[in-house]
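Okay, here's the structure, questions in a sec.
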Amino acid sequence: MKNREIAALFDEIADILELRGENVFRVNAYRRAAQNIEGLTRAIEDVADEDRLDELPGIGKDLAGKIAEYLESGEIDYLNDLRKETPRVLLDMLRIPGIGPKTAVRLHAELAIDSLEELKQAALDHQIQKLPKMKAKTEENILKGLEFLSRASARTPIGVALPLAQRIVGALAQLGEVDRISIAGSLRRFRETIGDIDILVTSSAPERVIRHFTHLDDAARILAEGSTKGSIVTREKIQADLRVVEEASYGSALNYFTGSKEHNIRLREIAIQEGMKLSEYGVFRAGGGARKKPRAGKKAPKEVRIAGRTEEEVYRVLGLPYIPPELREDSGEIEAALAGTLPALVELKDIRGDLHCHSNFSDGAATLKEIAASGKKKGYSYILITDHSQSLHIAGGLSPERLRKQLGEIDSINATLRGFKLLRGSEVDILPDGSLDMSEELLKRLDVVYIAIHSKFKMDRGAMTKRVVRAMENPYANVLAHPTGRLLGMRDAFDIDMQEVIRAAARTGTAIEINAHPARLDLDAAACRAAAAAGVMIGIGTDTHVLSELDYMIYGLGTARRGWLTAANILNTRTARQLVSLLQRKRRT
DNA sequence: GCCGTTTTCGGCCCGACTGTTTTCAGTCG
């Protein structure tokens, strides 16, 4: 799937055009095209094969040609020419916060700066403040920006950011002065990594709330402390912003600060079409019934706020149903909302059990009894025990004898329980040749068979895909666990053709896991959506090794929701009996 | 460069903040 590559190339073209001072709308056309391609749920190669590239939103004849050219030759001539004429340092400088195209061009042209090292030196030598409209502050900001660039670039995993944000919200919510409070930003949209934490409140005493925020135990450094906004760096080195807004604007502000930017742009366009204006302060209609933006020179009529208190209200006056935050990526949710076909996203209350849990038989910490007690306490009706199979020595993989013993123990525990049961499973290794690390005699005795890759990650794409497809063709293989093996920020996904895997899953009746561990979130949301569209069932499992990790379910759920999944798409919204019967259909055919 | 129950030409999202300037350009989200 070359969607991401092509999106990156179009973004690069946009950057270069902007540096050259081209028409901003042309620049935006490339950016929007990039965004749309990246958000596509199918491989752009497939769209090209059907000769339907120009039916994609934001893609016309010209861009369709450039995509086709890239798919054919691996290059875009136009971009090659642009690159030849554009000094590399200009693109490098754009990555520095605070430097945009205008400044980058000036620094290069007027100070002959050819690298980020030279830029740093120029700032340290105070060469920059010799230029008109640049002063000491400019140099200071450039140095800060450079430092940020070298240090940061890494976004924070949601598994770190969400507990921190919830802790801050909890502390602020206790204040008498805080009325409404919510997490906003990419965290509210459940992105797998986030840039900074955004929190929104209404309050009768904004300064006091902001002061409290900037002096929290979690605050390591104060970046700003004004009358409507406070900003800190936490001890985890994550930036957190607090904004205080008016009660009457809370909904529109929450919508605005939740984003995504692309979603917000679409909403504003709809507002304009309907003769309204949307901003973080509300939805406004021009007074006097004027339905068009006033021409330059004419005086604007008085504007009246017609919504803003709640997000629901904002969507309603725009003629849309409420769109859940996880869908707000401009990846089709606006069209679905207009057509009345938004999915009823799966919710936590729909989840009846956990499908991925390790006990102390392998590398987990808890006993089977403890797992059962925790699962029952969470209100689940089952947990699938998925300890490792024999080959995975490093994780205490179970020998056939140990597995038989475990199955016996599960049965006797179940005999003592009411309204809850442990399901007999295993996370069986997929061996390098695609066979399973367990005898048929044992596979037969399991309720649900998870299969997973834990060895030989570095196979080439073709071989890896074949390996996994062969494993899925095994009639006892029920759920493919963490299909790409990625560990966010630590290990890349292994090279595998996910489209092919999804097709094979659909064909063989094998489900695919969303591994809910926040370091994995694998499948990711986009692949999830593609899998569900192909009719593949999705199981959400926490990959629990210590009991507190059973709470990771929310991350898997967030990913599922970002992937447009409903309860019907998810295995563990079924009862244990339905689940097992559904999966074992494969054995009978 | 894209797009059209207003348009095949003339539009294309909104506001705040910053740093530099005395009215605004550039950048950001």
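With each run of n ≥ 4 DSSP H residues scored as -39500 (n - 2.57), what mean residue ellipticity at 222 nm is computed for chain A after dividing by its residue count and rounding to the nearest 500 deg cm²/dmol?
-13000 deg cm²/dmol
If we sort A:136-144, A:508-516, A:177-185, A:247-255 on the protection proxy, mean other Cβ atoms within 10 Å, highest first, what's the order?
A:508-516, A:247-255, A:177-185, A:136-144
From a point 7 Å beyond the Cα of A:K237 in the direction of its Cβ, which residues of segment A:186-206 have a backbone N at a distance under 14 Å?
Label zone hits: none.
Consider a paramagnetic label point 7 Å from the Cα of A:V546 along Cα→Cβ; state which residues of segment A:362-392 have an amide N under 14 Å from it.
Zone members listed by number: A:364-367.
Using Cα atoms only, what is the angle between the long axis of helix A:368-377 and the major principal axis of chain A, expressed in degrees (0 to 90) to the nearest 10?
So the inclination is approximately 50 degrees.
Highest mean first, how do A:468-476, A:68-76, A:350-358 rank when packing is the count of other Cβ atoms within 10 Å averaged over residues?
The most tightly packed comes first, giving A:350-358, A:468-476, A:68-76.
Same structure again: So, R0 is 60 Å and r is the distance between the beta-carbons of A:R585 and A:K61; what FRET efficiency does that work out to, to 0.05?
0.80
Tell me the carbon and sulfur percent of the accessible area for segment A:459-589, rounded to whole percent, probe radius 1.4 Å.
Answer for segment A:459-589: carbon and sulfur cover 52 percent of the accessible area.
Hey, another quick one. Tell me the label-point distance for the pair A:K84, A:E269, using the 7 Å Cα-to-Cβ offset, in nm and rounded to one decimal.
Distance between label points: 3.5 nm.
Sorted by average packing, counted as other Cβ atoms within 10 angstrom per residue and highest first, what order do A:274-283, A:379-388, A:215-224, A:31-40 take?
So the peptides A:274-283, A:379-388, A:215-224, A:31-40, ranked by packing, come out A:379-388, A:31-40, A:274-283, A:215-224.
Estimate the FRET efficiency between A:A109 and A:A344 by the formula 1/(1 + (r/R0)^6), using the beta-carbon distance for r and 45 Å for R0, to the nearest 0.05.
In this case the efficiency is close to 0.20.
State the Cα centre-to-centre distance between segment A:5-44 and segment A:153-203 in whole Å.
So the two Cα centres are separated by 30 Å.
For labels at A:E69 and A:D495 in the simple 7 Å Cα→Cβ model, what's the distance in nm?
Taking the two extended label points, one gets 2.8 nm.
Rg and Dmax of chain A, Cα atoms, in Å?
That works out to 26.9, 86 Å for Rg and Dmax.
Continuing with the same structure: Any chance you could check the Cα centroid distance between segment A:409-472 and segment A:312-335 for me, in angstrom?
If we compute the Cα centre of each part, the gap is 40 Å.
Given labels modelled 7 Å from the Cα in the Cβ direction, how far is it in nm from A:K261 to A:R167?
3.0
Given an 8 Å cut-off on Cα distances and at least 6 residues of separation, report the relative contact order of chain A as a percent.
So the answer I get is 9 percent.
Need one word for segment A:348-588: rounded, prolate or oblate. Basis is the Cα gyration tensor (sqrt eigenvalues a ≥ b ≥ c); a/c below 1.5 gives rounded, then a/b vs b/c decides.
It comes out rounded by the Cα gyration axes.
Please compute the length gained on full extension between A:T416 and A:S381, using 0.36 nm multiplied by the number of residues separating them and subtracting their Cα-Cα distance.
That works out to 11.2 nm of additional length.
Pop the C-beta distance of A:L149 and A:K229 into the FRET formula with R0 = 30 Å and round what comes out to the nearest 0.05.
After rounding, the FRET efficiency stands at 0.80.
The values are calculated or read from the model by the stated rules, or taken from the named source; none is laboratory data. Fair warning: this is a prediction, and the values are worked out from it, not measured in the lab. Positions of Cβ are backbone-derived with ideal geometry, glycine not excepted, and every protein chain shown enters the neighbour counts. We work out accessible area using only protein heavy atoms, side chains counted, and drop any ligands, DNA or RNA first. Shrake-Rupley method; radii C 1.70, N 1.55, O 1.52, S 1.80 Å.
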